[in-house]
Ligand code: ATP
Ligand code: MG
């Protein structure tokens, strides 16, 4: 538990209470605290309207004021404060644009997705739990608040959130909630892909990802999400990063590039996934060469080892791979003792295609230990011993 965040949230709550508003810690922070887990964000819900919240604090940011959310810039940690609200009309199984502010905590908790996420906590430690969230936490059950079918018909993403919480917590989904998922799986196609990706990212690095994938198959959610059904070959692999997760999932697909496009991976993620899959193939097919150690970065090499270990029992360890990489004479071309200017001077030639080729040849020779990385050694190697270059 990050005590700075809690202290900031409790002080914000105290400020709101002093002027007569209600305020509580809500959502994931309550759930994770009761589970004894580390908390990400300590979110606060209040009866005060955004325009009533703002004047009470020195610095605030309107991060989502139309949805009732104001960020309080507290000196200890920023705190998100959201006015009690219920959602407006749902169309197309997507979250509504409009929300309606309310003054009752109970209404706010009732619009939340699962009982374990629908509790409120007072600074004195009292838990307000209208929907038996504590019991479900104890019994490790993910259960929709109210009528599961209605809740999933309103916002289809909630089904994928159930999958994601399965991955993170290892809980099982309550029978009626699961049945509603089977019935409404198709509605997921209407949900914005950015929201889908956000939940998949969290699912992929959950300790119980294998159970989550099985749940997706059981409920046919896997059929609605392109590329995911291939993951039936998900033999219990637990990715350690989001990039490893996507690489492992896409490894089973022929249309990797399209899928990365479709799920809107960032350019950085796309690059990292592609590198990881290249490194993985290299390792599995022939083992790493010095060129591999040189060209792939540490995260990629280690990720490939982690993935490969899943398919073959033997192989190098992560420590060995890192040791090999770190023992290379140079880590990048910038570390070469010579540069293009040196070469031009030696050959008395204008820059041209030859220059890049020559640098690449020298770089390779240095990486492979054929020549020492000093200007002198490289010069004599390049100019005398290797005139043909
Ligand atoms: P995490 O620790 O991953 O942030 P979280 O439970 O805090 O988990 P958030 O996505 O941050 O999840 O949402 C905060 C809270 O808002 C949830 O605990 C839940 O009460 C509510 N919530 C979020 N998304 C939905 C949704 N689609 N439908 C209903 N309630 C939701
Ligand atoms: Mg959260």
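What follows draws every value from the coordinates through simple rules; no lab data is involved. Keep in mind that this is a model prediction, so the values were computed, not measured. Every residue, glycine as well, gets a Cβ built from its backbone with ideal geometry; the counts of neighbours run over all protein chains shown.
For the chain, what relative contact order do you get, as a whole percent, if you take Cα pairs closer than 8 Å and at least 6 residues apart?
Details: 589 pairs, mean separation 32.4, N = 389.
Worked out over the chain, it gives 8 percent.
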Once you treat every alpha carbon in region 174-303 as an equal point and sum by Debye, what is log10 I(q)/I(0) at q = 0.13, 0.17 Å⁻¹?
-0.57, -0.91
If one compares the long axis through the Cα atoms of helix 3-18 with the longest principal axis of the Cα atoms of the chain, the angle in degrees, nearest 10, works out at 30 degrees
Fewest-first ordering of 90, 248 by Cβ atoms within 10 Å yields 90, 248
The exposure ranking of 307, 181, 249, fewest beta-carbon neighbours within 10 Å first, is 307, 249, 181
How far is helix 193-204 tilted, in degrees, relative to the longest principal axis of the Cα atoms in the chain, given as a value from 0 to 90 rounded to the nearest 10?
80 degrees
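Using 0.36 nm per residue of separation minus the Cα-Cα distance, give me the extension gain between residue 66 and residue 210 in nm, one decimal.
Working: separation 144, 0.36 × 144 = 51.84 nm, distance 3.79 nm.
Length gained between residue 66 and residue 210: 48.0 nm.
Residue 255 to residue 298: FRET efficiency via 1/(1 + (r/R0)^6), r the Cβ-Cβ distance, R0 35 Å, to the nearest 0.05?
Working: r = 29 Å, r/R0 = 0.83.
According to the calculation, E is roughly 0.75.
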Can you show me the helix-derived [θ] at 222 nm for the chain, built from DSSP H runs with n ≥ 4 at -39,500 (n - 2.57) apiece and divided by the number of residues, rounded to the nearest 500.
-14000 deg cm²/dmol
Over the chain, with a Gaussian network built from C-alpha contacts below 10 Å, which listed residue (48, 323, 110) shows the highest mean-square fluctuation?
323
So for the pair residue 349, residue 290, with labels modelled 7 Å out along Cα→Cβ, what separation do we get in nm?
2.4 nm
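If you take the alpha carbon radius of gyration of region 1-133 and divide it by 2.2 N^0.38 Å, what ratio comes out, to two decimals? All intermediate terms of the calculation are to be shown ahead of the outcome.
On the way: Rg = 14.1 Å, N = 133, 2.2 N^0.38 = 14.1 Å.
Taking the Cα Rg and dividing by 2.2 N^0.38 Å, one obtains 1.00.
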Rounded to the nearest 10 degrees, the helix 353-367 long axis (Cα) sits at an angle to the longest Cα principal axis of the chain of 80 degrees
For region 333-383, evaluate the Debye formula with one uniform point scatterer on each Cα (no solvent term) and list log10 I(q)/I(0) at q = 0.20, 0.24, 0.26, 0.31 Å⁻¹, rounded to two decimals.
-0.60, -0.87, -1.03, -1.39
If R0 = 22 Å, then residue 370 and residue 339, at their Cβ-Cβ distance, give a FRET efficiency to the nearest 0.05 of 0.70
Highest mean first, what order results for 281-287, 111-117 on Cβ atoms within 10 Å?
111-117, 281-287
Sorted by mean Cβ packing within 10 Å, highest first, what order do the peptides 351-357, 291-297, 160-166 take?
160-166, 291-297, 351-357
Between residue 267 and residue 139, what is the label-point separation in nm under the 7 Å Cα-to-beta-carbon projection?
5.1 nm
Starting from the Cα of residue 128, move 7 Å in the Cα-to-Cβ direction to define the label point; list residues of region 41-76 whose amide nitrogen is under 16 Å from there.
43-49
What are the extents of the Cα atoms of the chain along their three principal axes, in Å, largest first?
86, 50, 36
Which order do 346, 246, 6 fall in if you start with the one that has the fewest other Cβ atoms within 10 Å?
346, 6, 246
Using alpha carbon centroids, what distance separates region 158-194 and region 290-364, in Å?
45 Å
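Which length gain, in nm to one decimal place, applies between residue 328 and residue 147 when the Cα-Cα distance is subtracted from 0.36 nm times their residue separation? If you can, show how the numbers build up before the last one.
Numbers: separation 181, 0.36 × 181 = 65.16 nm, distance 6.09 nm.
Full-extension gain reported as 59.1 nm.
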